[in-house]
1. Restricting the first residue to region 220-232 and requiring it to be on the phi > 0 side of the Ramachandran plot, which pairs with a second residue that is of a type in the set (A, V, I, L, M) and surrounded by 15 or more Cβ atoms within 10 Å (Cβ to Cβ) meet a Cβ separation below 9 Å and a spacing of at least six or different chains?
2. Looking for whichever is over 24 Å from E425 (Cβ atoms), at pLDDT 95 or above and either crowded, with 22+ Cβ neighbours inside 10 Å or touching a Lys or Arg at 6+ places or on another chain (Cβ under 8 Å) (or both) here; the options are R297, R288. Which one fits?
3. Name the residue, out of R342, R359, that is open to solvent by 70 Å² or more (accessible area, probe 1.4 Å), more than 23 Å from D432 (Cα to Cα) and of a type in the set (K, R).
4. Answer yes if at least one residue in region 151-163 is crowded, with 20+ Cβ neighbours inside 10 Å and free of Cβ contacts under 8 Å to residues at least 24 places away in the same chain, and no otherwise.
5. I'd like the full set of residues that are part of a loop (DSSP other than H, G, I, E, B) and either in contact with a helix residue (DSSP H, G or I) (Cβ under 6 Å, 6 or more places away or on another chain) or among the aliphatic types (A, V, I, L, M) (or both), limited to region 260-273.
6. Out of region 57-69, which residues are out of contact with any Ser or Thr (no Cβ under 9 Å at 6 or more places or on another chain) and either buried (at least 20 other Cβ atoms within 10 Å of the Cβ) or in a loop (DSSP other than H, G, I, E, B) (or both)?
7. Looking only at region 448-458, how many residues end up being open to solvent by 60 Å² or more (accessible area, probe 1.4 Å) and assigned to a helix (DSSP H, G or I)?
Amino acid sequence: MSDDGWSRRDFGKGAMALGAASLLGCPEPDPTPADPPPVPPPQGVILITADDLGWRDLAAYGLTAIATPALDALVADSVGFSRAFDVVSTCSSSRATYATGQYPHTHGVTGLVHRHPELSLPPTHPTFVRVLQEAGWATAIQGKWHLSDVERPEAFGFDTYLPTNIDQVIDTSNDAIWWLQDHRDARFYLELNYMQPHRDVFGEYPQQPGFEVDEAVAAPPEWWGLPDWPEIRAEVAGYLSRLRWMDALIGEVLGALDGAGLAEDTLVVFVSDNGPAFPGCKTTLYDRGVGTPLLFRWPAGLAAGDRDELVSSVDLAPTILDLLGIDGLPDAQGRSLAPTLRGDPDWTPATALFSEHERHAGGEKPTRAVRTERFKYIRNLNDVPWGDGGGNGAWKEVLALEPDQTWDEPRPPEELFDLEADPLERVNLATDPAFAGELDAMRGRLADWMAATDDARLPEL
């Protein structure tokens, strides 16, 4: 007998059996293992959006001031993209892109709809939620509604608009949990739009009771590019307090999902609409303005892991529909990320991403940008300053005098940044002869994209 307990006699018996099977016309076993059967689409989808959350402002991504246990657990169980970017850094425009899979200059929501109602998305404009509703899915939304100041969510494909407080802030998880329990046997889509960590209606960051953060630990994250001043720490502490509150609420919903036995077969997507409401971040097209965490968790269908390719929020709607196996949105300008989510080795990452800005709450600041692995090119079509990102702090007037704080200065016609050498986008290389070739190439990339997407601003380049 051999060392492994398998004798030649045993082998002979096996060979004789295989020969007999062949003679009797029985098929021989296929030595090649069969591919596993395809995983059926998820039963449910929960899209979770945060308002004004910075792209690295979670403990899992390096934030040390506080713990964010629910979101960190979601990161650990998800496919997460470390270089995901919104196409714009203002709320209504960004959220309309999630819904339509189109750039703002295409879907037309180019500013805050409560300040510019004429920019509201028409109910006839195709959205992926409408596609789901027409396919028989139960659909509900809770929290911030910012696609239209004229029509409610029910006009856009939602069956149910779950209640919030008067400021559209989700302050309890009960309604979302009850809705999930009521639809546990259905195909369901639930959208939870948390206003946290947005400033309150007065432009302030009050500490949330029960989730207070000590100012002593609330230094501004280094990727914000702000100095560590006591006045800034006070606001950062409020921002972090509201982030802790949101994390706890999300944890309650995800815990209930697990308790109902729905977690394994539910796709959970997490994204932030733009960067934090601090100078040089929100409303700008710098990475700290348009960068976003982007997570996809579906335990039955996706293996958790990190991805570092460039991806855009314009891809969100096509990706969700693709993972569900549903056709729709033929006019979407994004592409599905489902292949890379599934680990397809033939996936070809994007070599450039595009972003834009028209207005936030006030006047026009028309801007277009293209980002590659290494460079960012911004074309400013007027010189109006970016502004301070919101809020009322008197410290901003002093901050604007600092030489590295350009958000309150007239914008130059062109900006070019080497993101490897200058991740905070401080040193404009547009007038440096050493980068003339790169500048020209980026101009061409931007113009080609604007032409391909019928951007009306193209003649102004």
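1. G225/L424
2. Selected residue: R297, the only one of R297, R288 that is over 24 Å from E425 (Cβ atoms), at pLDDT 95 or above and either crowded, with 22+ Cβ neighbours inside 10 Å or touching a Lys or Arg at 6+ places or on another chain (Cβ under 8 Å) (or both).
3. After applying the criteria, what remains is R342.
4. Looking through region 151-163, at least one residue is crowded, with 20+ Cβ neighbours inside 10 Å and free of Cβ contacts under 8 Å to residues at least 24 places away in the same chain.
5. Across region 260-273, the qualifying residues are A260, L262, A263, D273.
6. Those that are out of contact with any Ser or Thr (no Cβ under 9 Å at 6 or more places or on another chain) and either buried (at least 20 other Cβ atoms within 10 Å of the Cβ) or in a loop (DSSP other than H, G, I, E, B) (or both): G62, L63, T64, A65, A67, T68.
7. 2
Each row is one residue, and each column tells you yes or no for (1) over 30 Å from G362 (Cβ atoms); (2) at pLDDT 95 or above; (3) out of contact with any Asp or Glu (no Cβ under 7 Å at 6 or more places or on another chain).
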position	(1), (2), (3)
E252	yes, yes, yes
G259	yes, yes, yes
L267	yes, yes, yes
T283	no, yes, yes
P293	no, yes, yes
G305	yes, yes, yes
D322	yes, yes, yes
R335	yes, yes, no
T340	yes, yes, no
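The values are calculated or read from the model by the stated rules, or taken from the named source; none is laboratory data. Every value quoted in this text rests on a predicted model; they were computed, and no experiment measured them. Note that we place each Cβ from the backbone using ideal geometry, even for glycine, and neighbour counts take in every protein chain shown. Please note that ligands, DNA and RNA were not included when accessible areas were found on the heavy atoms of the full protein model with its side chains. Shrake-Rupley method; radii C 1.70, N 1.55, O 1.52, S 1.80 Å.
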